[in-house]
Structures are given as structure tokens and as C-alpha cells.
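Below: the structure, in C-alpha cells.
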Amino acid sequence: MNTPFRRQFLVDAARMACGVGLLGLGLGLYVKQAKALPPVAFRPPGAGAEQDFLGACIRCGLCVRDCPPQILALAKPEQAVATGTPYFIARSGACEMCENIPCVKACPTGALDHKLTDIAKARMGLAVLVDHETCLNFLGMRCDVCYRVCPLLDKAITLEPRHNERTGKHTIFEPVVHSEACTGCGKCEAGCVLQVAAIKVYPTQLAKGELGSHYRLGWVEKKKAGGSLVAPEIEHRYNLPEGVTYEHGKGLSSEAPR
Amino acid sequence: MNANLSTNSSTSLSTNRIAHAAIAAKGRWSAHKWLILRRVSQFGILALFLAGPWFGLWIVKGNLNYSYTLDLLPLTDPHVLLQSLLAGHSPEKNALLGAAIVAAFYFLVGGRVFCAWVCPLNPVTDLAAWLRTRLGIKGGTHVSRHARLWILGLTLVLALATGSIAWELVNPVSMLHRGLFFGIGLAWTAVLAVFLFDLAVMNRGWCGHLCPVGAFYSLLGQRSVLRVTATRRAACDDCNDCFVVCPEPLVIRSPLKDGDRGVGPVILSSQCTNCGRCIDVCAKDVFAFGTRFNQSVSPLIGAQPAASK
């Protein structure tokens, strides 16, 4: 009945929807960008997947305030981390893995999961010995700093001895990270004595490989079943001189003294 | 005040002078009382937050999105928490409790009291509006005041669609407030952008037309009790000063002017920020704070202290 009025209303509504829609599109694309946390930035302990964290964290900064070593910061708008969210950079300030986890306790929303009560169960990332060419231990020295500073000594990083082929008479103590224990605190990366760290914390999804779901480890299955699952095992026979035997783990031995 | 004999001539010389008539009639303090109290509130709140990082006096921790006072009182921005809920997160007790407290407070005193008395961006947009008046900048782009409701809707839809608190990536209000206590970075450019936008592009553009935070609080305060009321509207001499200073001039007209059509004197629009600036600048003391329930109008007789001068 009131056509000009109705037309004006529709035009206004359409204009508004288009304008706001355009804003929404821009912001939506920006959200997509913001979800890509740069690999050097890590969330405090107890943070879930980045996707969930960005919906849960209300950018209040209480974790930053309650972090005793003050390693956390809130992202500024020009930084690649989503504006206002907490993060730390392992090389410049690693997580000290406080036993009482004050940052998690301070979080009002549970973006840092309050169910995390044992800091050793935190999974912020995963350390990887990235550069075998510069790591001092790989070069045959006994640097061992990453191993020593690790809060989970002998669990998250162990030193695995192997023969030093270069000298022919020494041992290389290779630092090996164990993903079942490593929290990604970054102490090893922060402690690495090199100009650029040879051991680095990576986001777990970048650091960790995964077996295909159809893979079975024969020796594990064998242990589970209490015996070989295929043909009965044939004892391996070594072609050795008379009177000499070989046993795995013990090496060669002579049966009788000469 | 009586010593100022050149009142009349200066009125004509500086037509852009805000609250001139009120200063002449009531004195400088009365003509700026609510403005000053408002600045005290705004900067007082900032000082409370700054006392921690600057002087190690941890009365309040956090920022306007969520703060924790004296390790006792949680306060949460309900708009941010709503987005978090829509994004699919179930918050812990403190965030929910804090949002309930804040919501209850603004539900009573007026949602947009946040805008006028707390928001750190308000002094910036007020400055832009003041400069605009002083410099006589007119015109600019026009966008409906309903745009903010659309943008509010957008913030909620985006939270739902992206599973992320999207608005907080660009919200200049929280960017400024957070920046002051956690490192501002380039957030000041967003603040400058809002200032220049309000000054040159759109009168009262940000707070009055676009900001979804204010829109959210306006919805929250739909039924709020504390209201500005034009109790002595009969004394109005149509000087227009209240309309000039009001950040939401649309809210004043009907309660002030439509008495003969049976409209009560209480400004019931939820867009009113309860800033009280109209009370300040009215030389005739038409406005006062009251409640939404008290619709009584003072008769004009014997109630004009300013007129004796």
C-alpha cells in the first residue's frame, strides 16, 4: 500500500546487508589468517588446538600477569599471532614448567584447560634436534646442554651413544627427544649454546610423523601374542670359525680357551 | 560569574563555544560537573588498571575483557563471553560469574553507561566531536545508526561461523585498553583511525553508528532503571545546546518536546549513554538524573534560579 516507503526500506536494508556483509567477508578472511599461529610462537600450557583456543581465549592477559618468569606476552595487532592472545617464543624465554601451573589457574575461561594439574602432561610443542650438522654433540663434543637443562632429564631427552666414525676411537652422544615425555617447554632451545639453536621446539603437528593406521610393528605384536604370529622362528645360524660363537648383545666369544 | 560583563558580546563572537550559555548561567563547575565526573571515572578506572604494571600495585589484573579485582571480584565483558559461547567454548566459572555481575550492573544503571563512563575510547571520540564542533566541520558520510546493530549481529554470526572470537582481532576498544597495560604496539593506529573517522568522515561515527560493543550494551540496558529525565522541560528555551553536545541526539527530542502529546519526560531510549552532558550544558536546568519510573514533571513556577541573573 505504501510502495515508496516499502521500497526505501528494502533499499536501506539491502545497502546495510551488503556493507556489513563486505565487512564480514574481510574479517572472516582475516580470521582464517589469524588461525595460522607462526611456528615459533607457542601457547601457554593447557591450551587446546589453535582453532579451539581462539574461540575460548578472551584476551584478558591474566596468564601473562601470573606467569612467574614473565615469559608470556599478549600479541599486538601487527604481530602474526592473533591479536591479544598470549604466546611465548622458546628461544627468548622458555616455559619454566612451574609445578603449580599458575597461568592455567589464572585463566578465567578454561582456554588453558583447568584439568591440567601435572605440568609434565602439558603439550605445548615438541622439541626436535633439527640440525645434525652443527649440534656440538653430533660433532663429537660433550656439550649436553639441551640434555642437562631439560626439566624432564633422561625422559624427554636422552643421550644415545654411537661410534664416532671420524676419530675411530670416540663416542658420539646423540641427544634424542622422546615425544611421549617432551612438553615443548623450550628450555633446550633456549639453552642451546649455538648462534642459532640446533634443537628447536616445533608445533607438534609439524614435528611428529605418524605411521599409517594399517602399520603393525612385528615385535610389538609378537610380544602381545606371546610368540611369533607367522611361521615358527628359525634360529639364525652364523657362519663362524670352529669354536667361536656369536650372541646378540654380547658379541663374539670362544667356547674354549686356546 | 557576575564579573563577566562581556557575556553577551562573546556569545555572538564564538557561536561554536560549547556550553557557553550554561557557563554564564551556572558557572564553570556546574556547566561541566558530569563531564568532569565522567573523566574522573574513565581515567580513574585506567589508573586502577595501570597501578599494577606501572607501580606494582595489583588492585586489578587483566583488562576490560576480563579483570580480577583484589583476587576476589571477576568482571567479564558479556559481549566477548557471548562470542566465546557461540564459538563453541564452555567457559569456567569465573568468566561466567564475571559476565553475570557486569550484565546485572549495566542492566540496572543503563547499558551504555559503559560507553560514557568506562570505555577508554570515549575520551578520544569525545575529543573528535568537540573539535568538530569547534572547527565547524559539517557534513560527511551518513550511515544509519542501526548499522551498529547489524555489526553486532555480524560479530555474533562470525563467532558462530568461524569458531573464533573474530571481533577481538580488530576491536579498537579492547585493543586500546589492552595496549595500555600490555604493550600498545601499532594499536594506536586503530585509535587514530577512529579519531580521524569521527573528526572528518562521520559525526559521532564510531560510537554513534558503528561500534557493536556499544550496541550490545544498549540492548543490555533496554529496561535499565537509571535515566536522564527532562523534568523541567517547560523551562526549555530551544537553545539547542543539548542537541549539539549529545552523542545520541535522537534520544532527547521526544521526551523534551512531545509533552503535549503525552510523552513522559524520561529519556527511555537505550541508546542514551547517561553521560549527563545535557544536564551540564542546559542553562535552564531542564535535565536531571532520575529513574525510569518517575515520570513526574516539575511545574515551571518559582523554579528558575538562573533567570534571576
Restricted to the stretch A:137-159 and to residues being over 23 Å from A:I101 (Cβ atoms) and open to solvent by 50 Å² or more (accessible area, probe 1.4 Å), the residue nearest to the chain's Cα centre (by Cα) is A:R148
The condition of being open to solvent by 50 Å² or more (accessible area, probe 1.4 Å), within 18 Å of A:C95 (Cβ to Cβ), at pLDDT 90 or above and in contact with a Lys or Arg (Cβ under 8 Å, 6 or more places away or on another chain) holds, among A:T171, A:T204, only for A:T204
Of the listed residues (A:T3, A:T109), the one being of a type in the set (S, T, N, Q) and either closer than 24 Å to A:V128 by Cα or at pLDDT below 90 (or both) is A:T3
Among residues of the stretch B:89-98 being within 8 Å of another protein chain (Cβ to nearest Cβ) and over 20 Å from B:T162 (Cα atoms), the residue most open to solvent (accessible area, probe 1.4 Å) is B:E92
Note on the stretch B:169-189: residues more than 15 Å from B:C119 (Cα to Cα) and not polar (S, T, N, Q) are B:L169, B:V170, B:F182, B:G183, B:I184, B:G185, B:L186, B:A187, B:W188
Here the residues within the stretch A:30-66 that are surrounded by fewer than 22 Cβ atoms within 10 Å (Cβ to Cβ) and more than 10 Å from chain B (Cβ to nearest Cβ) are A:A36, A:L37, A:P38, A:P39, A:V40, A:A41, A:A49
Of the residues in the stretch A:197-213, those that are assigned to a loop (DSSP other than H, G, I, E, B) and touching a residue at least 60 places away in the same chain (Cβ under 8 Å) come to A:A197, A:A198, A:P203, A:K208
Per the list (1) part of a loop (DSSP other than H, G, I, E, B); (2) in contact with a helix residue (DSSP H, G or I) (Cβ under 7 Å, 6 or more places away or on another chain); (3) within 30 Å of A:N164 (Cα to Cα); (4) not polar (S, T, N, Q), residue check on A:M141 breaks on (2)
Among residues of the stretch B:198-234 being closer than 18 Å to A:M16 by Cβ and open to solvent by 50 Å² or more (accessible area, probe 1.4 Å), the residue modelled with the lowest pLDDT is B:V201
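Residues are listed down the side, and each one gets a yes or a no for (1) within 14 Å of another protein chain (Cβ to nearest Cβ); (2) of a type in the set (S, T, N, Q); (3) without any contact (Cβ under 8 Å) to a residue 40 or more places away in the chain; (4) surrounded by 14 or more Cβ atoms within 10 Å (Cβ to Cβ):
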{"residue": "A:M97", "(1), (2), (3), (4)": "no, no, no, yes"}
{"residue": "A:C103", "(1), (2), (3), (4)": "yes, no, no, yes"}
{"residue": "A:P108", "(1), (2), (3), (4)": "yes, no, no, yes"}
{"residue": "A:D118", "(1), (2), (3), (4)": "no, no, yes, no"}
{"residue": "A:D131", "(1), (2), (3), (4)": "no, no, no, yes"}
{"residue": "A:P161", "(1), (2), (3), (4)": "no, no, yes, no"}
{"residue": "A:N164", "(1), (2), (3), (4)": "no, yes, yes, yes"}
Of the conditions (1) among the charged types (D, E, K, R); (2) within 23 Å of A:H114 (Cβ to Cβ); (3) at the interface with chain B (Cβ under 8 Å from one of its Cβ atoms), the single one that A:K76 does not satisfy is (2)
Quick count over the stretch B:159-181, residues being touching a residue at least 40 places away in the same chain (Cβ under 8 Å) and among the aliphatic types (A, V, I, L, M), is 7
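With the requirement that a residue be β-branched (V, I, T) and in a loop (DSSP other than H, G, I, E, B), what does the stretch A:171-189 give you? Steps first, answer last, please.
From the stretch A:171-189, those β-branched (V, I, T) are A:171-172, A:176-177, A:183; that's our starting set.
A:T183, the sole residue that qualifies.
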By residue number, the members of the stretch B:46-88 that are facing chain A (nearest Cβ under 8 Å), of a type outside the set (S, T, N, Q) and surrounded by 16 or more Cβ atoms within 10 Å (Cβ to Cβ) are B:G52, B:K61, B:G62, B:Y66, B:Y68, B:P74, B:D77, B:V80, B:L81, B:A87
Task: A:P69 modelled with pLDDT of 90 or more, assigned to a loop (DSSP other than H, G, I, E, B), more than 9 Å from every other protein chain (Cβ to nearest Cβ) and surrounded by fewer than 18 Cβ atoms within 10 Å (Cβ to Cβ) - done: yes
Here, helices (runs of 4 or more DSSP H) confined to the stretch B:99-193 with at least 1 residues that are out of contact with any strand residue (DSSP E or B) (no Cβ under 8 Å at 6 or more places or on another chain), open to solvent by 50 Å² or more (accessible area, probe 1.4 Å) and away from every other protein chain (no Cβ under 14 Å) are B:122-135
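The values are calculated or read from the model by the stated rules, or taken from the named source; none is laboratory data. Since the model is a prediction, treat every value here as computed from it, not as a measurement. So basically every Cβ, Gly included, is an ideal-geometry build from the backbone, and we count neighbours across all protein chains shown. Protein only, heavy atoms only, side chains kept; ligands, DNA and RNA dropped before computing areas. Shrake-Rupley method; radii C 1.70, N 1.55, O 1.52, S 1.80 Å.
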